[in-house]
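Down below is the structure, laid out as structure tokens.
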Amino acid sequence: MNEATEVTLAQWRARIDGALARVTANGAPLPEKVRDAVHYSLTGEGKRLRGLLVLAAYEALGGKGNAVGLAAAVEIVHAYSLVHDDLPCMDNDHIRRGRPTTHRAFGVATATVAGVAMVALAVTQAVQAAETLGLSADVTKRLVSVLMQSSGATGMVGGQLMDLMSEGREIPVKQLEAIHRAKTGALIAASVTLGGLAAGGSAAAVDALAKAGESLGLAFQIADDVLDATASSEALGKSAGADAKLEKSTYVSTMGVQAAKAHGEALVADAMQRLQAAGLKNGPLLELARFVAARRS
């Protein structure tokens, strides 16, 4: 990694962490136990990939303001998804980011409410970030729309439902791809889209970012499937082998480890090519794309 890029990403990650810590530190209007559960969920150690993609896309299109609040909004949505994914009625997981899942630490009811509360907090955060950046009402509306669509019935939530319905069944790669374009890919694609929109990018540039983000989203999921099948729980910070226990169809179970890895690498190459063609392949975006392909946790 280029040293300057490494420093930039580290600084961005620290700023995102700070913004997430402040979401509840400022007295969010929630019952105390729910507020504590939200804080716990937001401040666990994480990669902050989605937030970093917001900032990298914002910089790539010449953004000059402080878009960290917008990056935090995406990370709030992601954190909510993890809280609900881990619930007993979903994946029933006990470890997340190297510590007990939110429902294990605070109880199922509190964790469920905390997840729902984070959706509203994410919208508030996005609107406040748009105000900080001096964006128009129309752009602000579009930012919120992209964020909510990517996390709703046509995105993350819809993908999660399809994933649950496919448990215990073998499904073709085409259907598997549809699930993960929604469940995982939609929010990653939204992350770069939000950065592009906030920077005032052209329709063509924002579209190029979105399509690159879609490829990165699928590549991220493939890496997740490979790691779940090959890495330890200690390395992952969550339960390894969970997909097999739940009898989920994955890229590994459908294609095998090596073919899945090759497919993921091809998707990352596609993302890089799209960014290059659009003149958007800056250091942070390039490094984050490389991370998606080579990550170990």
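The values are calculated or read from the model by the stated rules, or taken from the named source; none is laboratory data. Here the structure is a predicted model, which means the values were calculated and not measured. Every residue, glycine among them, receives a Cβ derived from its backbone with ideal geometry; neighbour counts consider all protein chains shown. To get the accessible areas, we keep the full protein, side chains included, count just its heavy atoms, and leave off ligands, DNA and RNA. Shrake-Rupley method; radii C 1.70, N 1.55, O 1.52, S 1.80 Å.
Numbers for the structure displayed
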| read-out | value |
| --- | --- |
| Filter result (modelled with pLDDT under 90 and in a helix (DSSP H, G or I)) within region 288-297 | Ala289, Arg290, Phe291, Val292, Ala293, Ala294 |
| Long-range neighbours under 6 Å by Cβ, at least six apart or interchain, first residue more than 18 Å from Leu227 (Cβ to Cβ) and part of a helix (DSSP H, G or I) within region 264-278, second open to solvent by less than 50 Å² (accessible area, probe 1.4 Å) and at pLDDT below 90 | Ala271/Ala289; Met272/Ala289 |
| Scope region 12-36; condition open to solvent by less than 90 Å² (accessible area, probe 1.4 Å) and within 30 Å of Leu285 (Cβ to Cβ); matching residues | Trp12, Arg13, Ala14, Ile16, Asp17, Gly18, Ala19, Leu20, Ala21, Val23 |
| Tally, over region 87-134, of residues that are of a type in the set (D, E, K, R) and under 27 Å from Lys64 (Cβ atoms) | 1 |
| Residues (part of a helix (DSSP H, G or I) and buried (at least 20 other Cβ atoms within 10 Å of the Cβ)) located in region 245-260 | Tyr251, Val252, Ala260 |
| Single residue of region 232-244 satisfying the filter (of a type outside the set (Gly, Ala, Ser) and either in a loop (DSSP other than H, G, I, E, B) or touching an Asp or Glu at 6+ places or on another chain (Cβ under 8 Å) (or both)) that is modelled with the highest pLDDT | Asp243 |
| Wholly enclosed helices (runs of 4 or more DSSP H) of region 1-85 bearing at least 3 residues farther than 30 Å from Ala278 by Cα and free of Cβ contacts under 8 Å to residues at least 60 places away in the same chain | 3-25, 32-43, 68-85 |
